[in-house]
Structure formats: C-alpha cells, structure tokens
C-alpha cells in the first residue's frame, strides 16, 4: 500500500518522529477505534462531535440522522477534520515535564459527500454494525426503507491524512535517570465486562457465540485484570 | 451547583432527552476523561487534535509545547470547541437501526486565554500530573524554569457547554421485541494491565503505592476480566 499524501496541512511539526503517513498504520488505527471526533465550522464556530465511523478501502464512512446539523453541514462539501485517538497507556517519567500518554491517533482532512445509492448505503450500515460486533448483521432485523431514508451516510476519501504514535517508556533527560523516582508505563485499553442481557429477552436465553466472541475480543492480555 | 448556560449553540437538537446542562454531570465526565479533542479553524480548515486536559473549578486547562500550532492558534482568542467522550458500552439491538453505543460526552465552546503567571502555570502542570496519577507529583522532579518557558498553558471558562449521555439497554421498536435476536449491552471501560517498569530502573525496585493504586483504579468491576 502506498502512503497518503503528506501536505503542508498534515505534515507534523511537533515531534515529527512520531508521525507516519503509511496507510497500513492509519487504517489499523481507524479500524480499531470505535468512535471518531468530527470537526466542522458553523458560522465561524468550530464544533467537535463524537460519532461512529467505519472504513472500507480508501474511504471512511460516517452516518447519523438525516436531520443532523453536523452531517448536513459536512454534506455541503465544507472542509471537515476527522480525528480518532486510541489511548494505550500512562507514561510515568522521573520528571513531571516528561510525563506523557501512549497513544495512536489519526487526523484526516477532507470534504465529505453524501452516499445516496440504496445498496451502497445499506452496505455502509452493515459495515457499521459488523464493526461494532462482527457477525452481528445476520442476527438483526435489517433496515426498512423508512429507516434508510431517516439515515444520512457520508463518505470521505482518506487522502490527506497523518497518524501520530507514541509508544514505550518515558524519555527522561539523561541526568534524571539517576533520580530514585519510579518510572514506567501503565498499559491501558478498552476492556469489556460480561454482557448484560436486555431484561425484555425471554429468561434462559443463551448468549450467542458472536456476543461471547465480541466480549473476548476486548479481553486484557494474559488474563490480567 | 448551578447549570451552565444552554445557548442556541449548545442546545441539543438531536435526541434532546440525552442532554444535560448540569455542572455535576459535565464536571464528572471532564474529570474521568484522560484526553479531550480540541477543534479550531486555521485558514478555513477545521482541525481536531487530541490532548490532555484538567479541570479546576469552573475552568478547563490545556497545555503543550509553546511552539504548538494548536495552542498558539487557540491563544489568539479564536473560538474553540473542546469535546470529551467516554465509551461505556456497545448496545446490541434487535434491529440494525437501533444499534448504538453507550457514552458520556461533553462539548464546550469558548475562547481560550494563556496562563502566564509562573505559580498558576505550575499549579496547572501539577494538576495535570496528579490527574494522570494521583499522588504522583511528590514522586517527580518538578519543572525547571526552562521547562516552564517551553510549556504553554491555556485556560477556558466552562460556561457554554452541554453533556450528552446514553445509558442502558437498546430501545427497539415495539414490534421488534418479538424477534428472537439476542439484545443487550457489552459494558466497556478503559482498563489497566500490570505496570511495565522502565528497564533503566535499578532491578528489584519495588512498585510504589501510588502506582499500584493507579492500576487498581482502572480495574474492572467485580474482578471481571
């Protein structure tokens, strides 16, 4: 896969060694993140709204109510910024100054376009459900025409983008390594606890395989708590 | 505590029953979230950048390099949006349409101002370190004048803000409750695994109490994995 374009607008100036423009990295971060933050300006005021996203190939898709101000603003081809951030750990350094967070983030700049084709829209909604819970689509009532009409889907080309990644231990000033302060990383990740069944399900309903697998996919490594 | 102002710009139009303007709710979300997303416009292009934040009373504080484009742009009193989002669970409904995510988010609109007073700046940096790891400040080498000069601190009044919260089970269409599809919630939260000590620490260094307490504070409820 070739890299995305690094433009004047996406070239990282702060800590450029943390930057990457490789699609593999950008796509893996987009795919792991459940939620993105969409930035758009409306009467000179920037707004940042969290929403679900899904990637298919070189495109990113958002969806929401057809009445959403965010989506309707974005659909007018105004410039938009989509950012996703994964938090991987707390970095405790010997100096207060070098305390940090391990993270992986992606910033995409671009102009959104509406997806109006019925089959294409349905494909995006399916991908969104499958992203939340792989294998889930087959276990749902699929959207009606009315539901499809009430849903707006936007697409974005992933062209002007960058990823920024911090990993590993603190980088203290050399002189500070002699200090007695404990230093290290507390790894963090999004973890699931046991599914809570909807009380309106018939009692004794078994938890299906795709729900158990979903919970397991969020388990901590090595059975840690 | 009184509520924040609900203005034309922060009044939620989509699903207004999920909205709140109570400071208690807004503050608890801000305090739990490690990272916020800051939106600002630069030559008509919105940018959304993740960064750490800390609240003190009715103000939110951000910090970063004195050379940061984001902070320097925000410091010019341009309108900025700060958004934080906590993901609490995946909501699996009987219908694809009603799949959702449980979350708590806060959106703050405002204009930032620089904090230049040395003691005030130091207080914010201390609060940031203490937020990442309570009790940590006493176990660090405190900032030098050079480090303070290299750090910009911005403050924001928490005045024009709203919180949006979704909790609980899916809300399916009444007719869909007869369907056999499993429905429920997979609770999610940010969880820690065991601290990874910096290999440059002397071997056999005991993990201090504040680091153990920090790891525990991210534990899953009821010892679940």
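Take B:142-148, A:75-81 and order them by the average number of nearby Cβ atoms within 10 Å per residue, most first; the result is A:75-81, B:142-148. For segment B:129-225, relative contact order (Cα pairs under 8 Å, six or more residues apart, normalised by length) works out to 34 percent.
What nm value, rounded to one decimal, do you get for the distance between residue A:78 and residue B:130 when each label is placed 7 Å out toward the C-beta? For the pair residue A:78/residue B:130, the computed spacing is 4.0 nm.
Across all C-alpha atoms in segment B:1-41, the radius of gyration and Dmax reach 11.9, 32 Å. Rounded if a/c is under 1.5, else prolate if a/b beats b/c, else oblate: with a ≥ b ≥ c from the C-alpha gyration tensor eigenvalues square-rooted, which is chain B? In terms of gyration-tensor shape, oblate.
Annotation: the antiparallel percentage among DSSP beta bridges lying fully within the protein assembly as shown is about 95. At R0 = 22 Å, how high is the FRET efficiency between residue B:177 and residue A:144 if r is their beta carbon distance? Nearest 0.05 is fine. For R0 = 22 Å, the calculated efficiency reads 0.85.
Computed over segment A:16-190, relative contact order equals 30 percent, with contacts defined as Cα pairs under 8 Å that lie 6+ residues apart. Its DSSP H runs of at least 4 residues, each contributing -39,500 (n - 2.57), put the calculated 222 nm mean residue ellipticity of the protein assembly as shown at -5500 deg cm²/dmol, to the nearest 500. Where is the GNM fluctuation largest for chain B (alpha-carbon springs, 10 angstrom cutoff): B:192, B:163, B:66? Residue with maximal mean-square fluctuation among B:192, B:163, B:66: B:192. Scattering from the C-alpha atoms of segment B:1-98 alone, worked out with Debye: what is log10 I(q)/I(0) at q = 0.10, 0.20, 0.22, 0.23 1/Å? Debye intensities relative to I(0), on a log10 scale: -0.37, -1.20, -1.31, -1.35.
Annotation for residue B:57, label-to-label distances across the other copies: 5.6 nm (shortest first, one decimal, point 7 Å from Cα along Cα→Cβ). The mean number of Cβ atoms from other chains found within 10 Å of a Cβ in peptide A:209-218 is 3, as a whole number. Restricting the calculation to Cα atoms, the protein assembly as shown shows an Rg/Rh of 0.96 when the hydrodynamic-style radius is the Kirkwood one.
With a 10 Å cut-off around each Cβ of B:80-87, the average count of Cβ atoms from other chains is 5. With the convex hull drawn over the C-alpha atoms of segment A:28-77, the volume per residue is 88 Å³. Across peptide A:199-205, the mean count of Cβ atoms from other chains lying within 10 Å of each residue's own Cβ comes to 3. Take B:42-49, B:177-184 and order them by the average number of nearby Cβ atoms within 10 Å per residue, most first; the result is B:42-49, B:177-184.
Since every read-out is calculated from the coordinates, none of them should be taken as a lab result. Quick caveat, the model's predicted, so the values are computed rather than measured. Note that we place each Cβ from the backbone using ideal geometry, even for glycine, and neighbour counts take in every protein chain shown.
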